[in-house]
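The values are calculated or read from the model by the stated rules, or taken from the named source; none is laboratory data. All of these numbers come straight from a predicted model, not from anything done at the bench. We place every Cβ from the backbone using ideal geometry, glycine too, and count neighbours over all the protein chains shown.
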Amino acid sequence: MPRKGRRSRAQKVRWTKLDLTGQTSVSKGVAQDSDGQQYEDGDRTSRVISVQASHCQNDARYDVFSRNTQCTCIALTFLAYHSEGTLFEQPDLDRVLEEGDALYVGIKMQLIAEGRFRQDLLSMAEVPVSISTSNHNYSVQKSEVVMGYLRDRGTQEMDAWWIPLDERLQCLSTDVSHALLIVSPECFAVFRDRSGRYGYFDSHSRTAEGWPHPTGDGTAVMLTFTNLHDMTNRLLELFWNRGPQACYEFMAVSFEMEQQSEEPCSSAACVTPSLVTSPLPKPPKTSDIRIPENLVPTDDNNQSVIKVLKRNKQRRRKEVRKIANKKKEGRLEKTHFEVQAKKKEYERKKYATNLEFQKKKIEGTKKKYDQNPFARFKKLEYMVKRYKTDVSFQKKKKEYMVRRYHTDDLFQKKMKDYMDRRYHTDALFQKKKKDYMVRKYHTDDLFQKKMKNFMARRYASDSEFRSHHILHCTLQKKQKCLTDAGFQILHKLRCALRIKRKYKPYISFSQDTPNSDARNQPVSNSLIQKAISAFRCQIQHGPTYICTVCHRTLFPNQVKMCNRRRYVKNVHITAFCLTGKYIHACDSACCVPCAVPDERRQEWICHTCDSHLKRGSMPSIAAANRLELPPIPAELLELNVLERQLIAKIVPFAKIVALPKGQQRSVYGAVVCVPSEVEKTVNCLPRPNSDSQLLQVKLKRHIKFRGYQHFHTVNMHNVLAALARLKAMHSEYRDILISDATTFEFLPNDELNATEEKQEVVVSEQDEQHVSTEEKDELRPGLTLDTCMQPLDIGQDLLSYGEGIFSIAPAQGKKPVGFFKVPKLEAMAFPVQFPTGQNTIDEARQVALSPSMYFNARLFCVDTRFAKDQSYLFFAQFVTETHMARNSMSIQLRKGKPVTKDGRRISNKLLQDDLEVERLVHSRDATRFMPTPERHSILLGENVERSTGHDQAVRKSYFFLHIQCSRNAMARSDNGNQGSAR
């Protein structure tokens, strides 16, 4: 018996490891084998096998639609192939990556089509329930998803099911053979093969040992371990930077075959379970060595097996290895693609000859196309590829599409919708389509004529297209004017010529001789008279259309119907601004037919508010921009003009005179706002015993003046009730204290003198009871009135000459205040219009509002409380003009004064502070000045004189302005001296 040396024992171990299919079953490290596998420690008795693919899931061959996010589908595809008993090599792993990517694309497209797509990384619930390999179709049986921490345990209540990863993987040694493991955002496939080994497949960029590749150029890797403990440690080392409380998801899966393909598996990777040998079997005896059945040839004439059996042990082993290598080479020669090609050729011939098979194949293909998204994606990809490569197929497809488009109405509508949708979503297709249309428009005269007629017809019939086209052209012109100087000059000339042509047929001027002083007077013709008639016809019903946003009453051409579905850019602002407050809805209280005008039954919006809401911004004049008006209490509505002045804490004084021609009223001088002592004024007046007792009161600037501002009868009961109401509502009237102790009774005529003496003590002075004729003449035509129009009752003026008249001067001795310096000045000057003291001109608003736009919204408001008050009209006019004048002022610093008097340097930041600018002006380091016109100084005087006529109030202001303009033009024109002399 020969000696059992080390070499003989090593040969026996090598014989037990030999896999007759030609593959090695164990490894452990870094050494590279000839079949693409890698072994750790370089020892064939080690415990880890590493098989690498040629790339990973982040490879550039995959589209960005799925790249580096398809690990879940790749892991499931790997487990499906592994359940068939596949012994993986590099080509098999590459096929797993490609099929897994295609499966992910199909699942993602299906989720997007069904509206269930949430994120690129699929969850356990989104794992498909069916999968196909190259040999079979399987239904995926998913178990319950369990979770836990990588290393830590959960709370005591969670201890039974929230367990660490190493304990969770113990199920692979019992009843679980395949499972998906997700450690966000990565997914792995863990398995136990039929020989009792454990492993996992990682499709991310890894090294041969399974670690993350430092440069990202790694490949997918499959690692197989002899025992479960080694695999668990490797996974925990891979997740060492995730923390002990990083969570994982674990779901066991199994595969049930749905249907089997006609031909058996012929892949080199597919073997029967009986051929998988144990990784570390016990060394068999010489008598146990036998040739596998699959290597025994069936040909009786072949005597190779007999020759092997007759030889000695060493040569017998050598012959067995040769036979195994030949068998492996024979299987490799017959590749998977050749088998598939042969199968396809057989099906093609059968499809051409067998009608029943042809019908069955068509129905199966349609059913698979409708139900399987992966098959549908592959079919579309094949059609696109064939369309781009096969010219005859491309021509045939075009003819079919054209014929079907002209015959099938449903298909025609579907194609139009698809082209419209693709045009608005695909930028490349949109550019390509525009280029094609432009090229065809310049080359095809018939198409050019057709497009011109279509655009003209659509422009005339489609208002939305017309407005969009005008806006597009306007923006294009503005952009071109900014970039092209020549086009800008040409555009200005065209505008000038268009204006000249527009007004030339309307107005013609009478040409006088050069020596005549008469100026050219416009002569109206039939066209201008027709335009004036059309304008008067349009405004004859007045502004009756109410904007639902700003609550202004406007003319028909200033509003449009409100379509709330158009304002989608900012739905919160739209819902906040569209009030719908003044829309009438007929109910049981309405008569038949309803007396409400038709324009009040619909919702309208002005063009200004419509433009802002389309851009998603709030209009500055919107009622929601703190411009709402509270209802006026009944106690305040009953007050006349003088009673309103009595309760006002600030009295606006304006001198209104009658003009010489036409006796129209005009403001003379400035509107002055003076604080009023409401308590002292009201408490000094007697209290009535009944509601029918009235007082005759004159409102003066000073008690000694003979002239007065207002003269009316006053009902003290209404005044006291209004003050009580304001004290409860108004924020500025809460400190008012009114006494109700003083009363009076009507006295007989012989006791009037004594009463007048008492009244003089209370009121400080009483007007004369009679007015002389000279005083009457002095007041006319410059008689001061409270309105721009004639009074309704001319007899009201005669009451000033009766008996029992009280004169009050609530603002006597007070200094005027500025409009923009006193908070809530408007609410204190007009408490009836602002009963709560809120939403005045100086209110803090979400969108800034200028005084001119503020008073525009107030005077045109559907609530006529402001438009009916003449005092408010002149107040609004003067405040607006004052604001415009202040904004036109500039600050000029003294030359050679870089620092202030206190030594601070004058900088841009310093000039942005209003207080600092005021200090500079008071210290005379800076000067305010109004900018003078740079040209047309002489023509300004002629235009002003022509437009104002003989207005005495404007004549003085005109004199000052003309001096300034002429002084600026003295150096340039000889007519400057003549203008200054005026």
(request) Read through the list (1) hydrophobic (A, V, I, L, M, F, W, C); (2) under 16 Å from residue 650 (Cα atoms); (3) over 32 Å from the mean Cα position of the chain (by Cα); (4) assigned to a loop (DSSP other than H, G, I, E, B), then give the number of the only condition that residue 828 fails. (result) (4)
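Have a look at 905, 919 and point out the one that is surrounded by fewer than 14 Cβ atoms within 10 Å (Cβ to Cβ), basic (Lys, Arg) and without any contact (Cβ under 8 Å) to a residue 40 or more places away in the chain. Give the steps one after another, and end with the answer.
On the way: 919 fails: surrounded by fewer than 14 Cβ atoms within 10 Å (Cβ to Cβ).
Answer to the check: 905.
So in the range 835-857, with the set limited to residues that are assigned to a loop (DSSP other than H, G, I, E, B) and in contact with a His (Cβ under 8 Å, 6 or more places away or on another chain), which one is nearest to residue 675 (Cα to Cα)?
Within the range 835-857, the first condition is being assigned to a loop (DSSP other than H, G, I, E, B), and the residues that meet it are 835-850.
Within this subset, residues satisfying the condition of being in contact with a His (Cβ under 8 Å, 6 or more places away or on another chain) are 835-837, 850.
On the way: 835: 18, 836: 19, 837: 16, 850: 25 Å.
Result: 837.
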(request) Check the range 234-245 and report whether any residue there is part of a strand (DSSP E or B), aromatic (Phe, Trp, Tyr), closer than 29 Å to residue 58 by Cα and without any contact (Cβ under 8 Å) to a residue 40 or more places away in the chain. (result) no
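Per-residue answers, yes or no, for (1) touching a residue at least 24 places away in the same chain (Cβ under 8 Å); (2) part of a loop (DSSP other than H, G, I, E, B); (3) under 26 Å from residue 107 (Cα atoms):
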position: 50; (1), (2), (3): yes, no, no
position: 57; (1), (2), (3): yes, yes, yes
position: 60; (1), (2), (3): no, yes, yes
position: 67; (1), (2), (3): no, yes, yes
position: 73; (1), (2), (3): yes, no, yes
position: 76; (1), (2), (3): yes, no, yes
position: 81; (1), (2), (3): yes, no, yes
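Any residue that is surrounded by 15 or more Cβ atoms within 10 Å (Cβ to Cβ) and at pLDDT below 85 - is there at least one of those in the range 601-608? If you could, list the steps in order and put the result at the bottom.
To start, the set of residues in the range 601-608 that are surrounded by 15 or more Cβ atoms within 10 Å (Cβ to Cβ) comprises 603-606, 608.
Going one step further and asking which of them are at pLDDT below 85, we end up with none.
Looking for residues that are surrounded by 15 or more Cβ atoms within 10 Å (Cβ to Cβ) and at pLDDT below 85, one finds none in the range 601-608, hence no.
In the range 613-622, what count of residues is obtained for those that are surrounded by 24 or more Cβ atoms within 10 Å (Cβ to Cβ) and either within 12 Å of residue 569 (Cβ to Cβ) or in contact with a strand residue (DSSP E or B) (Cβ under 7 Å, 6 or more places away or on another chain) (or both)?
If we filter the range 613-622 for residues that are surrounded by 24 or more Cβ atoms within 10 Å (Cβ to Cβ), which is where we start, we get 613, 619, 621-622.
Subset that is either within 12 Å of residue 569 (Cβ to Cβ) or in contact with a strand residue (DSSP E or B) (Cβ under 7 Å, 6 or more places away or on another chain) (or both): 613.
So the count comes out to 1.
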(message) For the range 55-67: of the residues being over 15 Å from residue 201 (Cα atoms) and out of contact with any helix residue (DSSP H, G or I) (no Cβ under 6 Å at 6 or more places or on another chain), which is surrounded by the most Cβ atoms within 10 Å (Cβ to Cβ)?
(response) 58
(request) Go through the range 637-657 and give me each residue that's outside any loop (DSSP other than H, G, I, E, B) and either small (Gly, Ala, Ser) or under 20 Å from residue 680 (Cα atoms) (or both). (result) 641, 642, 643, 644, 645, 646, 647, 650, 651, 652, 653, 654
(request) Residues being of a type in the set (A, V, I, L, M) and assigned to a strand (DSSP E or B): count how many of those fall in the range 214-233. (result) 4
(request) Could you grab me the full set of residues in the range 123-162 that are modelled with pLDDT of 85 or more, over 46 Å from the mean Cα position of the chain (by Cα) and part of a loop (DSSP other than H, G, I, E, B)? (result) 133
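Residue under question is residue 107, and the condition is that it be of a type in the set (A, V, I, L, M, F, W, C), over 26 Å from residue 369 (Cβ atoms) and buried (at least 20 other Cβ atoms within 10 Å of the Cβ); does it hold? Steps first, please.
Working: of a type in the set (A, V, I, L, M, F, W, C): yes; over 26 Å from residue 369 (Cβ atoms): no; buried (at least 20 other Cβ atoms within 10 Å of the Cβ): yes.
So residue 107 fails the test.
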(message) For the condition assigned to a helix (DSSP H, G or I) and either at positive phi or in contact (Cβ under 8 Å) with a residue 60 or more places away in the chain (or both), what is the one hit in 377, 465, 454, 447?
(response) 377
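Just name the residue that is farthest from the chain's Cα centre (by Cα) out of those in the range 556-574 that are closer than 17 Å to residue 599 by Cα and of a type outside the set (S, T, N, Q). Quick ask: steps written out before the conclusion?
So in the range 556-574, the residues closer than 17 Å to residue 599 by Cα come out as 556-563.
Cutting the leftovers down to of a type outside the set (S, T, N, Q) gives us 556, 559-562.
Values: 556: 32, 559: 26, 560: 25, 561: 24, 562: 21 Å.
Residue satisfying both the conditions and the ranking: 556.
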(request) Report whether or not residue 595 is among the small types (Gly, Ala, Ser) and under 21 Å from residue 845 (Cβ atoms). (result) no
(message) For the range 876-912: of the residues being in contact with a Ser or Thr (Cβ under 6 Å, 6 or more places away or on another chain) and modelled with pLDDT under 80, which is nearest to residue 829 (Cα to Cα)?
(response) 892
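Considering 440, 530, which residue is at pLDDT 90 or above and surrounded by 10 or more Cβ atoms within 10 Å (Cβ to Cβ)? Explain how you work it out, then say what you get.
Working: 530 fails: at pLDDT 90 or above.
One residue alone meets the criteria, 440.
Within the range 814-844, restricting attention to residues that are aromatic (Phe, Trp, Tyr) and buried (at least 16 other Cβ atoms within 10 Å of the Cβ), which residue is modelled with the lowest pLDDT?
To start, the set of residues in the range 814-844 that are aromatic (Phe, Trp, Tyr) comprises 819-820, 830, 834.
Next, only the ones that are buried (at least 16 other Cβ atoms within 10 Å of the Cβ) stay: 819, 830, 834.
Numbers: 819: 77, 830: 91, 834: 92.
Across the range 814-844, the extreme among qualifying residues is 819.
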(request) Check the range 68-89 and report whether any residue there is within 35 Å of the chain's Cα centre (by Cα), assigned by TED's automatic domain parsing to the domain that holds residue 169 and surrounded by fewer than 22 Cβ atoms within 10 Å (Cβ to Cβ). (result) yes
(request) Could you grab me the full set of residues in the range 590-619 that are in a loop (DSSP other than H, G, I, E, B) and under 20 Å from residue 545 (Cβ atoms)? (result) 594, 595, 596, 597, 602, 603, 619
(message) Here are the criteria: (1) farther than 24 Å from residue 62 by Cα; (2) not in a loop (DSSP other than H, G, I, E, B). Tell me which single one residue 180 does not satisfy.
(response) (1)
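Would you check which residues across the range 660-685 are part of a loop (DSSP other than H, G, I, E, B) and surrounded by fewer than 18 Cβ atoms within 10 Å (Cβ to Cβ) and list them? Outline the logic, then answer.
Filtering the range 660-685 down to residues part of a loop (DSSP other than H, G, I, E, B) leaves 660-664, 676-677, 685.
Residues satisfying the conditions are 660, 661, 662, 663, 664, 677.
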